[in-house]
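Down below is the structure, laid out as structure tokens.
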Amino acid sequence: MPTSSADEAGRPMPHLLVDGLSAGYGGAPIVHEASARAGLGEIVTIVGPNGAGKSTFLKAVAGMIPALAGKVRLAGEDVTNMRANHLARRGLGYVPQVNDVFDTLTVADNLAMGGYLLKRNEIGERTEKVMEVFPALKRMLNRTASKLSGGERKMLAMARVLMLEPSLLVLDEPTSNLSADLSRVVLEEHVSRLGESGAAVLIVEQKAQAALAISDWAYVMAGGVIRISSAAGDLLARKDLAEVFLGRSTGDGEVPKAS
Ligand SMILES: Nc1ncnc2c1ncn2[C@@H]1O[C@H](COP(=O)(O)OP(=O)(O)OP(=O)(O)O)[C@@H](O)[C@H]1O
Ligand SMILES: [Mg+2]
């Protein structure tokens, strides 16, 4: 198993390995040569200020926008610039920051759409399994997604990608628009359970403290650049945490220039 061996930092072998990735819109890079990794069973969080390029980075990893430079490897295979549906076949489940469910469809149909690569007779079986992870969705199967609360909707968005049993989950702000209390529930119960199930989990979160508390590793991105790569607990323990999150401090006395 790849998880049995570890590198010098004690991290599992990378299931996702991003090396020097540059990405942006219309050919102009916003993310510059960013490197990150996530091993099976590992929860990895990217934090950083608004507009830092976190979603852009995730979109390039998930095949939604092209990589302008660098490499993305998944389970040892070079998947750079592979289209999103091919990545889904290889085990990547991506939950975007917005438009994460189909508003006009019922919960059950959203789940069926999430299982679009499955055979028709497998969908019921997988839906049952996903309901075991998110039992609250059981009584909402016939409800239209637009009528769900913010928390229920986030649950559905995660359940939808679980339909294909991904080995890598890429979650862009799984707690956006949720109260502090509900965010903690989503992170502590749902996201950490995804890690415990053995998948590699890469998340972007604004609620940095709560996210770091359930994470193994963390990256700080500011100005399109990864400024810090650190064990999540070490980052959480830092006195200059607030400055770090804003990308204003690397913690070693150096204040990076705005870029
Ligand atoms: N579709 C797009 N076309 C052009 N520019 C974009 C597009 N999406 C984002 N950008 C720009 O790219 C930069 C980085 O945006 P991105 O969404 O990656 O930031 P972020 O770190 O996810 O921010 P937030 O925390 O607010 O979600 C911003 O300046 C943004 O305006
Ligand atoms: Mg974003």
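Hey, which lysines would be in cross-link range of residue 71, C-alpha to C-alpha under 16 Å, not counting anything within fewer than 8 residues on its own chain?
59
Among 12, 228, 24, which residue has its Cα furthest toward the positive end of the charge dipole of the stretch 2-245, with +1 on Lys/Arg Cβ and -1 on Asp/Glu Cβ?
Of the candidates, 24 comes out farthest on the positive side.
How about residue 138: which aspartates and glutamates have a C-alpha closer than 15 Å to its C-alpha, ignoring those fewer than 8 places off in the same chain?
Correct list for residue 138: 109, 125, 128, 152.
Provide the solvent-accessible area of residue 42, counting protein heavy atoms only and rolling a 1.4 Å probe, rounded to the nearest 10 Å².
10 Å²
Leaving ligands, DNA and RNA out of it, work out the accessible area of residue 86 with a 1.4 Å probe and give it in Å² to the nearest 10.
80 Å²
Normalized C-alpha radius of gyration of the chain, against 2.2 N^0.38 Å? Can you show the working numbers first?
Working: Rg = 17.8 Å, N = 259, 2.2 N^0.38 = 18.2 Å.
That ratio works out to 0.98.
Which of 202, 16, 178 ends up with the largest GNM mean-square fluctuation for the chain, with Cα atoms connected below 10 Å?
Of 202, 16, 178, the Gaussian network model singles out 178 as fluctuating most.
With the cut-off at 19 Å, report for the stretch 1-105 the share of all Cα pairs above it, as a whole percent.
Numbers: 2550 of 5460 pairs.
Roughly 47 percent, rounded to a whole number.
If you count only protein heavy atoms with a 1.4 Å probe, what accessible area per residue comes out for the stretch 103-142, rounded to a whole Å²?
Values: 2500 Å² over 40 residues.
Per-residue accessible area for the stretch 103-142 comes out at 63 Å².
Tell me the mean residue ellipticity at 222 nm calculated for the chain from its helices only (DSSP H runs of n ≥ 4, each -39500 (n - 2.57), averaged over every residue, nearest 500).
-7500 deg cm²/dmol
For the stretch 2-245, what is the relative contact order in percent, using Cα pairs closer than 8 Å and at least 6 residues apart in sequence? Each step should come with its number before you reach the end.
Numbers: 492 pairs, mean separation 63.7, N = 244.
Computed over the stretch 2-245, the figure is 26 percent.
Of the listed pairs 129/154; 154/239; 54/119, which have alpha-carbon separations greater than 26 Å here?
Numbers: 129/154 18 Å; 154/239 32 Å; 54/119 34 Å.
Beyond 26 Å: 154/239; 54/119.
Pick out which of 18, 133, 161 has the largest mean-square fluctuation in a Gaussian network model of the chain, springs linking Cα atoms closer than 10 Å.
Among 18, 133, 161, the largest mean-square fluctuation in the Gaussian network model of the chain belongs to 133.
Among all helices in the chain defined by DSSP H, which have a length of 15 Å or more along the axis from Cα atoms plus a Kyte-Doolittle mean of at least -0.5?
On the way: long enough: 120-133 (21 Å, -1.19); 150-162 (18 Å, 0.15).
Result, helices passing both filters: 150-162.
Are there trypsin sites (Lys or Arg not before Pro) in the stretch 15-119 that DSSP puts in a loop and that have at most 12 other Cβ atoms within 10 Å, and which ones? Numbers along the way, then the final one.
On the way: sites: 37, 54, 59, 71, 73, 83, 89, 90, 119; in loops: 83, 90, 119.
Those that pass, being in a loop and sparsely packed, are 83, 119.
For the stretch 2-245, with all protein chains present and a 1.4 Å probe, just round the carbon and sulfur fraction of the accessible area to a whole percent.
Details: 5480 of 10780 Å².
The computed percentage sits at 51.
Once Lys and Arg get +1 and Asp and Glu get -1 on their Cβ, which of 144, 123, 47 lies farthest toward the positive end of the dipole of the chain?
144
To the nearest 20 debye, what charge dipole does the chain have about its Cα centre, counting +1 at the Cβ of each Lys and Arg and -1 at the Cβ of each Asp and Glu? Could you put the intermediate results ahead of the total?
Working: 28 positive and 29 negative charges, 139 e Å.
That gives a dipole near 660 debye.
The values are calculated or read from the model by the stated rules, or taken from the named source; none is laboratory data. Computed from a predicted structure; not experimentally measured. Counting neighbours? That spans all protein chains shown, and the Cβs are built from the backbone with ideal geometry, glycine included. Remember, those area values only see protein heavy atoms, side chains included, never the ligands or the DNA or RNA. Shrake-Rupley method; radii C 1.70, N 1.55, O 1.52, S 1.80 Å.
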